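Worksheet: one structure, shown below.
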Amino acid sequence: MKRDSMVGNVLVEFVVDASGKVQSPKVVSSNNPAFEQPALDAVLKWKFKPGTVDGKPAATRLRMPVVFAFENMEGVADPNMKSPPPLPKDPILSSKMPERLPYDVAPKVRGEIRAIYPYERFVKGPDRATVTVWVLVDSRGMPAQMGVLDKTESVFGYAALAACQCAEYTPALLYGKPTDAVLTVKVKFNKDILRKEFEASRQFGDDGLVSDRQVYDNLKAVVEHEAPFPLPARMANLAEGSATVRFRIGPDGKVFLESFDSSTHPYFGYMAVQAVSAWRYPPPKLNGRPVVVIADVTIKFSSEDTGALPPSQTSQDPTVPKLRGTSKNIDATLALGLNTKTPKKLPYDAAPKARGEIRPVFPRDRIFSDTGDATVWVLVDSRGNAAQMGVIEASTPEFGYAALAACQCAEYTPAMLKGKPTDAVLKLKLKFEENSWVEDSERVVKEHPVPARKAYGDLHTLAKPDVPFPISARMANITEGSASVSFFIDLYGNVVAPGASKGTHPAFAYMVAQVASSMRFPPPKVNGQPAYVSMKMTVDFSTTDEGAKTTVTFK
């Protein structure tokens, strides 16, 4: 194939069903294997007027050629894909790094940056590519600005920017305090990963590639990582955008071969691809056998909902906790429990202490983080109860709220003064290191969990847990709220993969998740056989003159 005129021919056989949709496409012949997968992808999107038998719609088998022709292009892998326009004058792709800001300890990337090789460069793109990106990491450990230093092909520049924004960082330190600083990152792309994904898809044969409508009644990810508003778009004063991502779901439920069909700007297209790459779905099966699913989703972006803290919250005011990250799922005002001042130290002879290990629930909204931490102060009264509490420092708000819930559910030994119990303040640092939420969810989903009612019948007969009213909400004079959490129950009655889901405020959501994590149920059985179960628990919180009240409902 010549560089200035590339042609691909693929003969595809498929069935048009009675509704006019394409089913079971397969390749009969092609002049280049690189065009086969895109041809199958394209055919699955076609719509026909169905054939008829005796005047009634009927399935019909057809053979049709799919021709790819590109003039004066380096080559793209899919004729239906709207590749991003080349933007050689985009200032983000050829930007100058800001002046070096002073620090004693440099900022650094936490974990690995996983960049997605641009699918549209599959045919003629380089086997390896490296892009150098500068990132302004603020004192909270969040990327605030970024740009590309190299003269690089635009598609790799946009993909590298998206990968860097989705990464996590440790902020620089100056005189022992977090500070803003610029970090340079080399983002590496490897086409071998894309080739392996392509070959893995082909191993299932033409009949093993199906549309999402054939497998899922409602295409809903088990794990859906939210796409942040692209920083380069905000730097370019773009207020909103959208992108449609096409991808495949493998037999294990993982997403691969991600690409975007269309986008209002490449910033949004590559950010959507980066986010979708981390999604997980129930393992697809058709007629009892594993298959690969073709699916697409449209993601809309708005600069009004970026999750960024307002400028007033970025100060180093000692009454405001040091948050090294933020989230669009957490109230930006940080009013409940996270915006508190540590009380003055109260006298004691023997310090208060926690009884046993405090095991916080890893926040579901941060499941793709390897670690996190939060430092909490707790006022332990003379009876050993937690009376007040707040966050001193946290990696992100999610870890702060999760830590508060865990500390409230813990037990304490009170401080002693002259041989008598007394009130005192305890400082606790909680580390979130064991993040098995994705693995646990995938493990249970493979066992095809059934709704709770099939195993337990009347859910009202199940013992209800004691869910405390969040202290942080009470301190903020919040009198009512609600939250729900979804989880699985394994064969032994243990709760698996709980996580804060929906709540009128995160304080309620994380409290419900914490309580759910320690619950135990009768071992579930269906028709006498052990079974995995999916369940949802909703808790309504309220306070009256008689005290706090909670109502628990299972579904």
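General observations
- Number of the exception - residue 186 against (1) buried (at least 21 other Cβ atoms within 10 Å of the Cβ); (2) in contact (Cβ under 8 Å) with a residue 40 or more places away in the chain: (1)
- Selection status of residue 252, part of a loop (DSSP other than H, G, I, E, B), surrounded by fewer than 19 Cβ atoms within 10 Å (Cβ to Cβ) and not assigned by TED's automatic domain parsing to the domain that holds residue 38: yes
- Test result for residue 155, part of a strand (DSSP E or B) and assigned by TED's automatic domain parsing to the domain that holds residue 235: no
- Checked across segment 261-275, the condition of being within 16 Å of residue 117 (Cα to Cα) and surrounded by fewer than 19 Cβ atoms within 10 Å (Cβ to Cβ) holds for at least one residue.
- The residues in segment 218-248 that are within 14 Å of residue 163 (Cα to Cα) and crowded, with 16+ Cβ neighbours inside 10 Å can be counted, and the count is 7.
- Here residue 170 meets the list (1) out of contact with any helix residue (DSSP H, G or I) (no Cβ under 7 Å at 6 or more places or on another chain); (2) closer than 22 Å to residue 296 by Cβ; (3) surrounded by 16 or more Cβ atoms within 10 Å (Cβ to Cβ) almost entirely, failing just condition (2).
- In a residue-by-residue description of segment 396-406, the property of being buried (at least 20 other Cβ atoms within 10 Å of the Cβ), part of a strand (DSSP E or B) and at pLDDT 80 or above applies to no position.
- Where residue 184 falls short, out of the listed (1) more than 23 Å from residue 262 (Cα to Cα); (2) in contact with a Gly (Cβ under 9 Å, 6 or more places away or on another chain): (2)
- Among the residues of this structure, residue 150 does not count as one that is assigned by TED's automatic domain parsing to the domain that holds residue 285, farther than 22 Å from residue 36 by Cβ and in contact with an Asp or Glu (Cβ under 7 Å, 6 or more places away or on another chain).
- If the condition is being farther than 22 Å from residue 157 by Cα and in a strand (DSSP E or B), then segment 167-216 contributes 170, 172, 173, 174, 177, 178, 179, 209, 210, 211.
- Qualifying residue in segment 154-166 (condition: touching a Leu at 6+ places or on another chain (Cβ under 7 Å) and aromatic (Phe, Trp, Tyr)): no
- Residue match in segment 124-139 (condition: in a loop (DSSP other than H, G, I, E, B), in contact with a Gly (Cβ under 6 Å, 6 or more places away or on another chain) and surrounded by fewer than 19 Cβ atoms within 10 Å (Cβ to Cβ)): yes
- Filter pass, residue 177 being basic (Lys, Arg), touching a helix residue (DSSP H, G or I) at 6+ places or on another chain (Cβ under 9 Å) and in the same structural domain as residue 232 (by TED's automatic domain parsing): no
- All positions within segment 184-213 that are under 24 Å from the mean Cα position of the chain (by Cα) and farther than 25 Å from residue 41 by Cβ: 185, 186, 187, 188
- Hey, residue 214 out of contact with any His (no Cβ under 6 Å at 6 or more places or on another chain), touching a residue at least 40 places away in the same chain (Cβ under 8 Å) and closer than 30 Å to residue 23 by Cα or not: yes
- There is no residue in segment 154-163 that is under 18 Å from residue 111 (Cβ atoms), loosely packed, with under 14 Cβ neighbours inside 10 Å and at pLDDT 85 or above.
The values are calculated or read from the model by the stated rules, or taken from the named source; none is laboratory data. All values reported here derive from a predicted model rather than from experimental measurement. Virtual Cβ from ideal backbone geometry, glycine too; neighbours counted across all protein chains shown.
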